[in-house]
Amino acid sequence: MNAAGASLIDLSGKVILVTGGGNGLGADMASQFSRLGARVILADIAQEMAEATAAKVGNGALGVYCDIANAESVAQLADTARNAFGRIDALVNNAAHADLGADLDLLGTDPEVWSRTVDVNLTGTMHVSRAIVPIMLEGGGGSIATIVSRAGIAPPRSARRLAYSTTKAGLIMLARHMAVAYGKQGIRSNAIAPGTIETERMLRELSEERLTQSRANVLTPALGKPEDVSHMVAYLASDAGRFITGQTIQIDGGILTGLHE
Ligand SMILES: NC(=O)c1ccc[n+]([C@@H]2O[C@H](COP(=O)([O-])OP(=O)(O)OC[C@H]3O[C@@H](n4cnc5c(N)ncnc54)[C@H](O)[C@@H]3O)[C@@H](O)[C@H]2O)c1
């Protein structure tokens, strides 16, 4: 709260679309945005989860099916959003495909794993952005936050996750492109690069050994929580973030800063 008693991050009156909003970071963002006054559309390939999360989020939140890799499904999402709310003030490109067990190094990754990862993460995010930018422009602009990863900045030392890392690196360029292309028309576009965030999925999928290693490698006392990402994305979606665009913002406990011995 500032001296006047108003919240620094105020999203009242704003409509925010979160892809992959049914679960994990997307679901947390949807709740935080709603708490800060926004009406939220959660689009997810897992329809029941999107609907259940929307019901929990409240404030008129809408959970809808969308496979972002499918351009027709994305066009339907854009129509649904336009019909329901008439505008979109912020887009969070959060949905992603990650095949932890099969996305290995160059020689070890099956081309089908590569293709699905590229189709969802890179091409899918392009489809969504292409469908939503015109709606945003009609309303005078807005904020696009594309969730990438520290893996899109520096490849993991394990040399695993070739497809995932490569798509996330490409998304940093998509985010920068949109900042350059539509900035003067009022659209701000940033990439958000989380490190290890303790979502339920990460705690389930990562071994205790890997989590201990990650906790040792960050410069902070603990790993990140979902709200550490949500708060930054909410700030960017609010008018407080009006001069921030074209950036890649790392929310990773400084892990890439502390690489030297
Ligand atoms: N959790 C972390 O530590 C971490 C770290 C770095 C980056 N990220 C990124 O943050 C974002 C969210 O990650 P998360 O950990 O919450 O993952 P998650 O798997 O819990 O959530 C991803 C959501 O995307 C949805 N989804 C997958 N494919 C889709 C498609 N084709 N169309 C629509 N929806 C689809 C899933 O159903 C799911 O609800 C992702 O972009 C991820 O790469 C997460």
- With point charges of +1 on the Cβ of Lys and Arg and -1 on the Cβ of Asp and Glu, referenced to the Cα centre of the chain, which listed residue (THR167, GLY101, ILE249) lies farthest in the positive direction of the dipole? ILE249
- Item | Loop sites in segment 1-99: chymotrypsin sites (Phe, Trp or Tyr not before Pro), DSSP, at most 12 other Cβ within 10 Å | none
- What spacing in nm lies between the two simple spin-label points modelled at ALA181 and GLU209, each 7 Å away from Cα in the Cβ direction? 4.4
- Item | Accessible surface of the chain, 1.4 Å probe, proportion on carbon and sulfur as whole % | 52
- How about LYS184: which lysines have a C-alpha closer than 22 Å to its C-alpha, ignoring those fewer than 8 places off in the same chain? LYS14
- Task: Could you state the accessible area per residue of the chain in Å², with a 1.4 Å probe and every protein chain left in place?
- Result: 49
- Would you work out the charge dipole size for the chain about its Cα centre, treating the Cβ of every Lys and Arg as +1 and the Cβ of every Asp and Glu as -1, and quote it to the nearest 20 debye? 740
- Message: If amide hydrogens are placed 1.01 Å from N in the peptide plane, which non-local residues have theirs closer than 5 Å to the one on ILE187?
- Response: GLY142
- Message: Let me check something: with ligands and nucleic acids excluded, how do ILE192, ILE9 order by accessible area (1.4 Å probe), largest to smallest?
- Response: ILE9, ILE192
- Query: Based on the Cβ-Cβ distance of GLU138 and LYS56, what FRET efficiency does E = 1/(1 + (r/R0)^6) give at R0 = 30 Å, to the nearest 0.05?
  - Reply: 0.50
- Task: Would you please give the FRET efficiency between ASP79 and SER12, computed as 1/(1 + (r/R0)^6) with r the Cβ-Cβ distance and R0 = 30 Å, to the nearest 0.05?
- Result: 0.75
- Going by accessible area, probe 1.4 Å, with all protein chains left in place, what is the ranking of THR245, THR53, THR212, largest first? THR212, THR245, THR53
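The values are calculated or read from the model by the stated rules, or taken from the named source; none is laboratory data. In this text the structure is predicted, and so the values were computed from the model without any measurement. Heads up, the Cβs are rebuilt from the backbone with ideal geometry, glycines too, and the neighbour counts pull from every protein chain shown. Calculation scope for accessible area: heavy atoms of the full protein, side chains included, ligands and nucleic acids excluded. Shrake-Rupley method; radii C 1.70, N 1.55, O 1.52, S 1.80 Å.
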